[in-house]
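Below is one structure; the comments refer to it alone.
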Amino acid sequence: MSIHAAKRSDLVCINQVITEAVMAWPMPERLKRLSVPVLCYDCEDFNHYQFILYKDQGATVGIGAWNAQATVVTARGDGRLLHGLYILPAYQGMGFGQQLMAQILSEAMAMGADGLQIKAERPAITFFEHCGLQALSAGSPKDYPYQFWYQRN
């Protein structure tokens, strides 16, 4: 198992992991099908986000995407936005998501961030709670209702 920076040529693998992860979410099939295109990335996203891949024997089993460019100001400190974190269903519950988050946090802190802000989708709430992340209040009624802060103790 290893973690690597992604390249544009990894886009198909990135979106395959996202598709498989979303299709395993506990929600109606139609809603999953509608969500996948919205959550997948395109080449333009490489201009805004950094991507890392979790690989097992050469196969991509997890991905993380984060915005390294923009600082997010929260009540807990200045951070970077964790934009997406997806693990193939067969690899969930083994700590790979936590390892990806730790790698992103390490890179963000090397850039001067205090932590990571996460705007979670509803099916991911239990994962972030299980990780012990601190819940943040939404800034406005239009903002994500499920926000978390990740910072090393």
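The values are calculated or read from the model by the stated rules, or taken from the named source; none is laboratory data. The model shown is predicted, which means the values in this text are computed figures rather than measured ones. All Cβ positions, glycine included, derive from the backbone under ideal geometry; neighbour counts span all protein chains shown. Please note that ligands, DNA and RNA were not included when accessible areas were found on the heavy atoms of the full protein model with its side chains. Shrake-Rupley method; radii C 1.70, N 1.55, O 1.52, S 1.80 Å.
Can you run down the residue pairs with Cβ atoms below 6 Å, 6 or more apart or on separate chains, where the first is in segment 94-110 and closer than 22 Å to Thr71 by Cα and the partner is open to solvent by less than 30 Å² (accessible area, probe 1.4 Å) and aromatic (Phe, Trp, Tyr)?
Pairs that qualify, where the first residue is closer than 22 Å to Thr71 by Cα and the partner is open to solvent by less than 30 Å² (accessible area, probe 1.4 Å) and aromatic (Phe, Trp, Tyr), are Leu100/Tyr54; Ile104/Trp66.
Any idea how many residues of segment 74-114 are over 10 Å from the mean Cα position of the chain (by Cα), on the phi < 0 side of the Ramachandran plot and either modelled with pLDDT under 90 or open to solvent by less than 30 Å² (accessible area, probe 1.4 Å) (or both)?
Going through segment 74-114 one residue at a time, the tally reaches 10.
When only residues in segment 1-36 that are among the basic types (Lys, Arg), open to solvent by 80 Å² or more (accessible area, probe 1.4 Å) and not in a loop (DSSP other than H, G, I, E, B) count, which is farthest from Gly64 (Cα to Cα)?
So, considering only residues that are among the basic types (Lys, Arg), open to solvent by 80 Å² or more (accessible area, probe 1.4 Å) and not in a loop (DSSP other than H, G, I, E, B), the one farthest from Gly64 (Cα to Cα) is Arg30.
For Ala59, all conditions in the list (1) farther than 25 Å from Arg122 by Cβ; (2) at pLDDT 95 or above hold save one; what is the number of the exception?
All conditions are met except number (2).
Just to verify a result, which residue in segment 120-146, among those that are part of a loop (DSSP other than H, G, I, E, B) and closer than 17 Å to Leu85 by Cβ, is least open to solvent (accessible area, probe 1.4 Å)?
Only one residue tops the list, namely Ala120.
Take the residues in segment 37-72 that are closer than 16 Å to Ile18 by Cα and among the small types (Gly, Ala, Ser); name whichever of them is surrounded by the fewest Cβ atoms within 10 Å (Cβ to Cβ).
Among those residues, the one meeting the criterion is Ala59.
With (1) under 19 Å from Ser35 (Cβ atoms); (2) within 13 Å of the chain's Cα centre (by Cα) as the list, and Thr126 as the residue in question, which single condition is left unmet?
All conditions pass for Thr126, except number (2).
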